[in-house]
1. Counting each DSSP H run of 4 or more residues in the chain as -39500 (n - 2.57), what helix-only mean residue ellipticity at 222 nm follows after dividing by all residues, to the nearest 500 deg cm²/dmol?
2. With a probe of 1.4 Å, find how much accessible area the stretch 1-139 has per residue, and write the answer as a whole number in Å².
3. Using the structure shown, list the pairs from 10/315; 135/346; 222/281; 222/275; 247/281 with a Cα-Cα distance above 21 Å, or answer none.
4. By average Cβ neighbour count within 10 Å, what is the ranking of 78-90, 240-252 from highest down?
5. Using the structure shown, select from 114/257; 105/320; 37/114; 105/329; 88/112; 232/257 the pairs with a Cα to Cα distance greater than 31 angstrom.
6. Please give the length that would be gained between residue 194 and residue 354 if that part of the chain were fully extended, namely 0.36 nm times their separation in residues minus their C-alpha to C-alpha distance (nm, one decimal).
7. For the chain, which cysteines have no disulfide-compatible partner, meaning no other cysteine Cβ under 4.7 Å?
8. Kindly express, to the nearest 10 degrees and within the range 0 to 90, the angle between helix 220-232's C-alpha long axis and the longest C-alpha principal axis of the chain.
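The values are calculated or read from the model by the stated rules, or taken from the named source; none is laboratory data. Everything quoted here is computed from the prediction, not taken from an experiment. Please note: Cβ atoms are built from the backbone with ideal geometry, for glycine as well, and neighbour counts cover all protein chains shown. Keep in mind that these areas ignore ligands, DNA and RNA; they rest on the heavy atoms of the full protein, side chains included. Shrake-Rupley method; radii C 1.70, N 1.55, O 1.52, S 1.80 Å.
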Amino acid sequence: MAVTGKKTVKRIGVLTGGGDAPGLNAVIRAWVKTAVKVYGWEVMGILDGYDGLLQPGKVAPLDLNDIRGILHKGGTILGTTNRTNPFKVPVRRGGKTVEIDRSKKAVETVRKHKIDCLAVIGGDGTLILGNRLYKRRGLCMVGIPKTIDNDINATDFTFGFDSAVVTAMEAIDKIHTTAESHHRVMIVEVMGRDVGWIALHAGLASSADVILLPEFPYSARKVVEKIKDREKHGRHFSIVVIGEGAKPKGGRKIYYKTQTGLSRLGGIGAELAEKLAKHIKNEIRVVTLGHVQRGGSPTNVDRILGMRFGHAACKLIAEKKYGHMVALKGQNIIEASLDDAIGVQKSIPKDHPLVKMARDIGTSFGV
Ligand code: F6P
């Protein structure tokens, strides 16, 4: 049995935070199996991310029966939220909403359930909060990086990304055939927040003619030129893939407000369509793929990466590497200190090999 400081680990916990991603259940399954079969630990599941540490009745045992038949399932059996920050919990006081620090309560919940170490599975935001609980409140935790956006700097890939790319690619393939039949310009807006990894990979894999990335502010005039050039060569349709965080040169990203008041990227495809419509004759349609990219079964790549992360994270605990996360470098799973690993966004550099290849084979980035 592993030892943490002076304490023997007997029971560990796990929570999933932030937006869901295909492969979360693969991580949970490998984590529970490794904990039970290799280390003889008990496992507790925390429901709905950090919410589960602040609300009563959201911590429950997670045993081998609970994780049967979940490997291929999308979403997370634990539930998640991307709204709860234990350091800033909104409460109503004197007719006003104020934010209070409930991080002590979060750690008390972990201790009350005799959880010796917690695995936090999440994107940058969730991992930053986990690291803060570790450093400020002494919560023993390890991190497992997750996001469809693939924007965590310390890891080559996060699980969820491949599934999102495959979903987007398959959708764009379908859009391709109808675009060709109707001689239309189809603009497909994909997720990815402030980075264009999904747009780049899905756009390349589905032979998009134009790929517009948040990293390279675009010129609508260049997009028009590309579409007209295709026309000249007898290609009366075009596919434009645009990352939701893209923006025109000198322009702004487009956000909308959800009904709960959250600010989310979305709408840049429609804005581009309006600009293009002034210069080209083809009919233009916009498709926003949205949350379909987060749902459904994980690909084999994400299942295996998720399993490797879950398995390796147990080893981090056994070795008392708190405040660390697992990461993929090349073919290997490595560990990285959360202090170094998070808070730096992995964006697409101008000289990325995929960008260079795409330019060489005639894909336009609208620049
Ligand atoms: O970070 C994952 C992600 O799906 C982004 O690509 C997207 O911008 C955002 O989450 C959407 O968040 P929500 O689920 O709150 O709409």
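1. Calculated mean residue ellipticity at 222 nm is -10000 deg cm²/dmol.
2. 47
3. Going by Cα-Cα distance, 135/346; 247/281 fall outside the 21 Å limit.
4. Working: 78-90: 18.3, 240-252: 21.6.
The packing order, highest mean first, is 240-252, 78-90.
5. The answer is 114/257; 105/329; 232/257.
6. On the way: separation 160, 0.36 × 160 = 57.60 nm, distance 1.82 nm.
That pair, residue 194 and residue 354, stretches by 55.8 nm at full extension.
7. 314
8. 60
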